[in-house]
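The values are calculated or read from the model by the stated rules, or taken from the named source; none is laboratory data. This structure is a prediction, so every number in the text was calculated from the model and none was measured. Please note: Cβ atoms are built from the backbone with ideal geometry, for glycine as well, and neighbour counts cover all protein chains shown.
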Amino acid sequence: MRSRTPALAALTLGLVAAACESGGTEADYTGVTLNMAFPVTLPITELHVDGVYEDETSAMPHGVVEVDPANAGTTWHREQLIMFLDAAATGRTVKIHVDGKDADGGIQATADAQVTLKLGYFVVATATLTTDVRCGNGLIEADEACDDGGRQEGDGCSASCDIESGFVCARAPSLCTAAGVTAVVDPVASCPGNGTDATPFCLMSRALEAPWADVLVLRAGDYEEAIRIERDVVVHAEAGARLISPDSPALVVSAGTVKVEGLAVRGISRFGGGVVVQGEDTDVSLAHMTVGPSSTVGVTVLDNALFALDDSRLTQNAGGGLALDTRHGYVVKNTFITENGDPGAAFGGVWIQQAPTNALLVNLTVAENQAADPAQGGLRCEAPGEVLNTIAWSNGEVSAAAAAACAYAYSDVGPLAADATLPAGSFSEDPDFTDDHHLEPGSPCLDRGDPESIDRGDAPSTDYDGDPRPQGPNIDVGADEAG
């Protein structure tokens, strides 16, 4: 339901008139007159309205009111929505929620109201929107048990941000899965545990041994063990969950279809750490990971493994950041690869050893890495892997041979040796980083990415921080999209 107020009011009155003409009376209806107000300073363009009965069943279709500038006052903007409901709903309580959204779909303010329906009346409800947006914003705040960024029932996280019966939720925005296939792990729990939310496993390795556990939820804390995954599994790690091991690698995935999200992997006192992905037809996706510090390579991909890495940070791995030696393909997006390698390392940031046709590195920030050969400090390309919308800067001087070996497109690479050149669309300018390698407002990397890369499906539609791309007329270069 999408309407401006006058048209909707006319439609509502028309429904009442139709009821009268068909033999009913004017009392054969009930409904709500919803008066909504929000500060004129908020950039709200649409008001999204939902209503449920006291038993949480839907009371009305999802409604959208397009904000009319003519209804703005000096301080408050006011809109009205009239909702015609069936007379059979008389006496029921309706809980109404309103989200005020901006032109990009972001929630600027919210309000809640509650009314009891009365036969023959449009009961008046008032919703004054405030900027104290909580449930539905993807952040777990105040008394929320979960927040998946929405307000739908039946998906594990309820419209009031409570965990629904039969589900386990982790992370923010919350990822909710059925309790019967989800093993909960907490490193401070009493051992051995049984994997339920009330009695978690104490070790990640013990959860992997449970044949019923298709999903692992790792509560925050330090998991001091080395892990080997050899089966299909999804791992959701809460913020603060760290796999810490003096062994190298700390995490090995050698079989199955595996997704790991949110886990930090590191060594202890400069020993151990690192991730290895290997095995024929292993399919691995890592997202929102932090890998390092370690005494080895941050992430190594071998054999015929299929690999994806998104929205992650590889840092302070002494052997280098990311080594790609697989014939089956890989896609790496929105990742910071910084401060890896050492003066004796074979490479610093990324080592592309094989580049199958389904290989792509896009919107990476590769900076302040080092290697024995300064020209290999950023990207070392033994195969011409596609490197798109990427910053490779301050890793050592890039020689003519090193620049030509990688298939750079719309990337910022340098500093360059005097005889080095880049393809059209790429450039060599100081990217003007913040302390954490995000982009300053005046960075030359703003709006310099491939203008067709998002529509083509190569570039991500959000950046490392989850901010929408593009923020300006074109996509930025690097893992950060500057606002």
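Worth pointing out:
- Annotation: of all residues in the stretch 28-51 being out of contact with any Phe, Trp or Tyr (no Cβ under 9 Å at 6 or more places or on another chain) and among the aliphatic types (A, V, I, L, M), the one that is surrounded by the fewest Cβ atoms within 10 Å (Cβ to Cβ) is Leu42.
- Residue satisfying all of: in the stretch 225-248; touching a strand residue (DSSP E or B) at 6+ places or on another chain (Cβ under 6 Å), at pLDDT 95 or above and of a type outside the set (A, V, I, L, M, F, W, C); surrounded by the most Cβ atoms within 10 Å (Cβ to Cβ) among these: His236
- Just one of (1) surrounded by fewer than 18 Cβ atoms within 10 Å (Cβ to Cβ); (2) modelled with pLDDT under 90 fails for Ala172. It is (1).
- Positions within the stretch 52-99 being farther than 16 Å from Asn35 by Cα, surrounded by fewer than 19 Cβ atoms within 10 Å (Cβ to Cβ), hydrophobic (A, V, I, L, M, F, W, C) and touching a Leu at 6+ places or on another chain (Cβ under 9 Å), in sequence order: Ala87, Ala89
- First in the stretch 208-219 and more than 13 Å from Gly256 (Cβ to Cβ), second anywhere and at pLDDT below 95 and among the polar types (S, T, N, Q), Cβ under 7 Å, 6 or more apart: Val215/Thr177
- Criterion violated by Tyr464 - all others in (1) modelled with pLDDT of 90 or more; (2) farther than 20 Å from Pro173 by Cα satisfied: (2)
- Qualifying positions in the stretch 403-418 - in a helix (DSSP H, G or I) and surrounded by fewer than 18 Cβ atoms within 10 Å (Cβ to Cβ): Ala404
- Search result, residues across the stretch 263-282 that are of a type outside the set (A, V, I, L, M, F, W, C) and surrounded by 24 or more Cβ atoms within 10 Å (Cβ to Cβ): Gly267, Gly273, Gly274, Thr282
- Filter pass, Ala308 being in a strand (DSSP E or B), among the small types (Gly, Ala, Ser) and either touching a Ser or Thr at 6+ places or on another chain (Cβ under 7 Å) or surrounded by fewer than 18 Cβ atoms within 10 Å (Cβ to Cβ) (or both): yes
- Hey, Ala400 touching a strand residue (DSSP E or B) at 6+ places or on another chain (Cβ under 9 Å), among the aliphatic types (A, V, I, L, M) and surrounded by fewer than 19 Cβ atoms within 10 Å (Cβ to Cβ) or not: yes
Let's see how each residue does on (1) at negative phi; (2) in contact with a Ser or Thr (Cβ under 8 Å, 6 or more places away or on another chain); (3) outside any loop (DSSP other than H, G, I, E, B); (4) surrounded by 15 or more Cβ atoms within 10 Å (Cβ to Cβ):
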{"position": "Ala420", "(1), (2), (3), (4)": "yes, yes, no, yes"}
{"position": "Asp435", "(1), (2), (3), (4)": "yes, no, no, no"}
{"position": "Gly442", "(1), (2), (3), (4)": "yes, no, no, no"}
{"position": "Asp450", "(1), (2), (3), (4)": "yes, no, no, yes"}
{"position": "Asp455", "(1), (2), (3), (4)": "yes, no, no, no"}
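- Tabulated pairs, the stretch 171-200, first under 20 Å from Cys157 (Cβ atoms), second among the aromatic types (Phe, Trp, Tyr) and exposed (fewer than 14 other Cβ atoms within 10 Å of the Cβ), C-beta under 7 angstrom, 6+ apart or interchain: Val181/Trp212
- In this structure, Cys445 does satisfy being of a type outside the set (S, T, N, Q), modelled with pLDDT of 95 or more and over 25 Å from Gln353 (Cα atoms).
- Any hit, the stretch 129-143, residues being assigned to a strand (DSSP E or B) and crowded, with 20+ Cβ neighbours inside 10 Å: no
- Residue pairs whose Cβ atoms lie under 7 Å apart, sitting 6 or more positions apart in sequence or on different chains, and linking a residue in the stretch 77-94 that is free of Cβ contacts under 8 Å to residues at least 60 places away in the same chain to a partner that is among the aromatic types (Phe, Trp, Tyr) and not in a helix (DSSP H, G or I), are His77/Phe38; Arg92/Tyr53; Thr93/Tyr53.
- Contacts under 6 angstrom Cβ, first residue in the stretch 350-369 being closer than 14 Å to Gly320 by Cα, partner among the polar types (S, T, N, Q) and buried (at least 24 other Cβ atoms within 10 Å of the Cβ), 6 or more apart: Ala367/Thr338; Glu368/Thr338; Asn369/Asn340; Asn369/Asn395
- Test: residue in the stretch 385-392 that is at pLDDT 95 or above, in a loop (DSSP other than H, G, I, E, B), crowded, with 23+ Cβ neighbours inside 10 Å and of a type outside the set (A, V, I, L, M, F, W, C): yes
- Which listed residue, of Asp112, Asp102, is among the acidic types (Asp, Glu) and out of contact with any His (no Cβ under 6 Å at 6 or more places or on another chain): Asp102
- Output for the stretch 252-271, where each listed residue is without any contact (Cβ under 8 Å) to a residue 24 or more places away in the chain and of a type in the set (Lys, Arg): none
- Hey, Ala113 modelled with pLDDT of 85 or more, crowded, with 16+ Cβ neighbours inside 10 Å, out of contact with any helix residue (DSSP H, G or I) (no Cβ under 8 Å at 6 or more places or on another chain) and more than 25 Å from Ala183 (Cα to Cα) or not: yes
- Qualifying residue in the stretch 96-115 (condition: polar (S, T, N, Q) and either under 30 Å from Glu238 (Cα atoms) or under 24 Å from the mean Cα position of the chain (by Cα) (or both)): yes
- Filter result for Thr126 (farther than 30 Å from Val260 by Cβ, assigned to a loop (DSSP other than H, G, I, E, B) and out of contact with any Gly (no Cβ under 8 Å at 6 or more places or on another chain)): no
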